[in-house]
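The values are calculated or read from the model by the stated rules, or taken from the named source; none is laboratory data. The shown structure was predicted, so the numbers you read here are calculated from the model rather than taken from an experiment. Because the Cβ atoms are built from the backbone with ideal geometry, glycine has one as well, and the counts that use them run over all protein chains shown.
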Amino acid sequence: MEDNSSKEINLIQLLNLLFAGIVKCIKGIVRFFGYLIQLTYKFRLITFLLVICGTGVGLYLSRPSAKVYKAEAMAMLYGSEAQTVKEVCKQLENSIASNNLYSLSGKLSLPDSISRSIVEFHTFYAITYHKDSVAEIIDFKESHPISDTINVKMKDRLYFQVLTKNIAQLPKVQDAILNYLNNNAVMRTEYINRRNESLQKIKICDDEIKRIDSMAKISYFKDPQQQLKLEKNNLLIWEQKRQLFYDDLLLLLKTKSKEESKLAYFKQSVVLPAGFTPSPIALNGTLKYSAIGLLIGYLVAILASFLLEHRKAIVRYLEGK
């Protein structure tokens, strides 16, 4: 009985301590915000000026001429694999506007008025979970583990992302990017080789279909008087069954159809089926950046107010008194 009573008392004490800790935490939060309100009121002029400055900076960074929009597109690759194309795209991702040799204007052969509207260009791997040629997610963080053999990077596509200040110029930017990639020597060679490989497979299938068709005719008319046949330990009487290479023909037709379907998409090394699709909402929207500027301005004001409130103590500490 004493043990049970002791345990019950300890549980009640534990609950009381937990409740007291929660109350203490709430009181501490209330006191903290109360102190912030006191500092804000005491140094209201400084707070007002800094908040106005922060909001003004936010409005300036989100002005119409500085708005940045995101446009994205799934790129289908024919010939080269995703890793090869991503390496080629590094020239565009790491472009330097101040250097003509490494600028987007020089790489894409675009006028400065268009190239300057491009803020950034990025490529990302597409990840598939079921190996069914369907991209489940895009590796925006570029943190997909190499050791993962279940969720694999797709080899036949990449995800393109462009940050631009002028959506109206996206078609010209898209054409310039495709022209740059499709005229790359390595990618062009791999594309031609893969296309020729498909053409050769189709030719082989056609030749084999003709050969099997001729063999089937010979086999069909060979020994037409045969009336007895032993098949799987069964004696077949009056059976005129002939082997017409049915399964072989189906396999050849399936292979040919697959290669013809693949060849229909072989127009160039990189294709954007839907083109770049821009987002109508700017990344640096006026409301968003105004709120961020206001918050940063207020935080700076609180810090300045705190330093002014304790300036004497800070001076004494610095002087070593």
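Annotation note: Cβ proximity below 8 Å between a residue of region 59-83 that is in contact (Cβ under 8 Å) with a residue 40 or more places away in the chain and a residue that is part of a loop (DSSP other than H, G, I, E, B) and among the charged types (D, E, K, R) (sequence gap 6+ or interchain) occurs for S65/K165; A66/K165; K67/K165; V68/K165; Y69/K165; Y78/K267.
Counting the residues of region 298-321 that are over 30 Å from G56 (Cα atoms) and hydroxyl-bearing (S, T, Y) gives 1.
Checking each residue in region 276-305 for being more than 20 Å from the chain's Cα centre (by Cα) and either surrounded by fewer than 15 Cβ atoms within 10 Å (Cβ to Cβ) or assigned to a loop (DSSP other than H, G, I, E, B) (or both) picks out N284, G285, L287, K288, A291, L295, L299, L303. Exactly one residue among K70, K86 is surrounded by 12 or more Cβ atoms within 10 Å (Cβ to Cβ), in the same structural domain as I118 (by TED's automatic domain parsing), outside any helix (DSSP H, G or I) and not hydrophobic (A, V, I, L, M, F, W, C), and that residue is K70. Residues that are of a type outside the set (K, R) and part of a loop (DSSP other than H, G, I, E, B) do not occur anywhere in region 157-164. A73 meets each of the listed conditions (1) over 30 Å from V270 (Cβ atoms); (2) at pLDDT 90 or above apart from (1).
A quick yes/no check of all residues on (1) buried (at least 16 other Cβ atoms within 10 Å of the Cβ); (2) under 30 Å from S65 (Cβ atoms):
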position: S105; (1), (2): yes, yes
position: S113; (1), (2): no, yes
position: I167; (1), (2): yes, yes
position: E197; (1), (2): no, no
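Among the residues making up region 174-231, those that are modelled with pLDDT of 90 or more and of a type in the set (F, W, Y) are Y180, Y191.
Here Y60 qualifies as modelled with pLDDT under 95 and within 17 Å of G293 (Cα to Cα). Screening T277 against (1) at pLDDT 90 or above; (2) farther than 25 Å from I167 by Cα leaves a single unmet condition, (2). Picking from residues in region 169-194 that are charged (D, E, K, R) and under 17 Å from L104 (Cβ atoms), the one that is surrounded by the fewest Cβ atoms within 10 Å (Cβ to Cβ) is D175. Condition test on Y41, is it surrounded by 13 or more Cβ atoms within 10 Å (Cβ to Cβ) and either over 31 Å from the mean Cα position of the chain (by Cα) or in the same structural domain as L181 (by TED's automatic domain parsing) (or both)? It is false that Y41 is surrounded by 13 or more Cβ atoms within 10 Å (Cβ to Cβ) and either over 31 Å from the mean Cα position of the chain (by Cα) or in the same structural domain as L181 (by TED's automatic domain parsing) (or both). Kindly indicate whether any position in region 130-150 is in a strand (DSSP E or B) and in contact with a Cys (Cβ under 9 Å, 6 or more places away or on another chain). Checking region 130-150: not a single residue is in a strand (DSSP E or B) and in contact with a Cys (Cβ under 9 Å, 6 or more places away or on another chain).
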